[in-house]
Amino acid sequence: MTNTRSLARTIGVAAAALVIPLVLGSTVVASSSPMTPRTQQISSAPLRLGIINPNGPSATWELEQIESVLGERASLAVIYKDFAQPAPIAELDAADARGSTTLLTWEPWAAGAGVVQPEFQSSDVTSGRYDAYITEWARSLANWGKPVMLRYAHEMNGNWYPWADRVNGNTDGDYVRAYRHVHDLFTAAGAVNVEWVWNPNVPNAVPMSVVYPGSQYVDVVGLDGYNWGTSQSWSAWQTPDQLFGDGLTQVRALAPGKPIVVGEVASAEAGGSKPAWITRLIEYLAAQPDVTGFLWFHMDKEVDWRIDSSPASAAAMASALAARPRS
């Protein structure tokens, strides 16, 4: 991975203009207005499906379009918020109304402003600069009361976000101290409904052992990974086993016994067969009892990551989901 990922998670106004295609049979139909496809049900499979859509769980029409193609409703949702936004209670309500659990991704930065943000060094968080804001979030989520998975400052082992060690003036250990400080403020506020997700990227610039906050601070382990294929000058095709194998080994060694969720995953089309890649991904993850779910990055951004980037890719996802074990 390189710092071309730095804007990959800036999801907001710019993403609202994206158009999600609906695959009907072998025809791709572009739509920019709400539709009413057939309502789907959440699967009982142990490997849970999550969909990361441009406008989040409140944009039910976006989700229903792709769910109609897949034949099931997503049971995991993602919300992204930076340090300028309040706790997204209305969006949490929207996800809950659909029966989805939210992976609430909270990013200590000004979204999209780049890696160098001196006001968002990890030491600023640890020193108490943002304590009032963090405590406000904690109380809001505690008052909401329902289970929520909080993914604070994810992909911290890369070099594309300002909270990572070894960038933006941060040194080894700064991330862990900031994470623990935020966790402790939530504990003090009584936010017992919050499940803490520590979510690195697949092995990258900083060793995972340097940024692991300790088992008492982690309820669920996340792991992000993207198959860029040959879409970039620096990238090559990776199978799901190649992409995730080493990372899964490392997080299991650091956090034995913790459930694992693949927080973000997608594949490019260039360089291999995306339909075959999707099939293998679900087979690979479903065969591992500690992997409880995955969230597909259903966006057309750096490349077309969407599930339905081609009719064949959408069909492969639907078939693989239907075939995964139910117990």
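Some values worked out for this structure:
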| read-out | value |
| --- | --- |
| Qualifying trypsin sites (Lys or Arg not before Pro) in region 231-327, DSSP loop, other Cβ atoms within 10 Å at most 15 | ARG326 |
| Gaussian network model of the chain, Cα within-10 Å springs - most flexible of ALA111, ALA314, ALA253 | ALA253 |
| Reachable lysines, given that their alpha-carbon falls under 23 Å from the alpha-carbon of LYS301 and they are not under 8 places away in the same chain | LYS81, LYS274 |
| Carbon + sulfur, % of accessible area of region 177-316 - ligands and nucleic acids excluded, 1.4 Å | 53 percent |
| Euclidean distance between Cα centres, region 261-327 to region 186-211, Å | 24 Å |
| Highest-fluctuation residue, PRO275, PRO200, PRO46 considered, GNM on the chain with Cα pairs under 10 Å | PRO46 |
| Mean separation of Cα contacts under 8 Å, 6 or more apart, over the residue count of the chain: relative contact order % | 18 percent |
| Rg(Cα)/(2.2 N^0.38 Å) for region 28-169, N = residue count | 1.20 |
| Linear extension gain, THR230 paired with GLU283, 0.36 nm per residue minus alpha-carbon span | 16.8 nm |
| Cα pair distances exceeding 18 angstrom across region 149-207, given as percent | 35 percent |
| Using alpha carbons only: equivalent-ellipsoid semi-axes of region 187-263, gyration tensor based, whole Å | 28, 13, 11 |
| Solvent-accessible area per residue, Å², over region 169-327 with all protein chains present [probe radius 1.4 Å] | 35 Å² |
| Shape parameters for region 191-326, alpha-carbon atoms, Rg then Dmax in Å | 15.4, 46 |
| P(r) weight above 20 Å for region 101-222, C-alpha pairs, percent | 38 percent |
| For VAL116, solvent-accessible area (1.4 Å; no DNA, RNA or ligand), Å² | 110 Å² |
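The values are calculated or read from the model by the stated rules, or taken from the named source; none is laboratory data. All values reported here derive from a predicted model rather than from experimental measurement. In this analysis, Cβ positions are derived from the backbone assuming ideal geometry, glycine residues included, and neighbour counts consider all displayed protein chains. These accessible areas exclude ligands, DNA and RNA; they are computed on the full protein's heavy atoms, side chains included. Shrake-Rupley method; radii C 1.70, N 1.55, O 1.52, S 1.80 Å.
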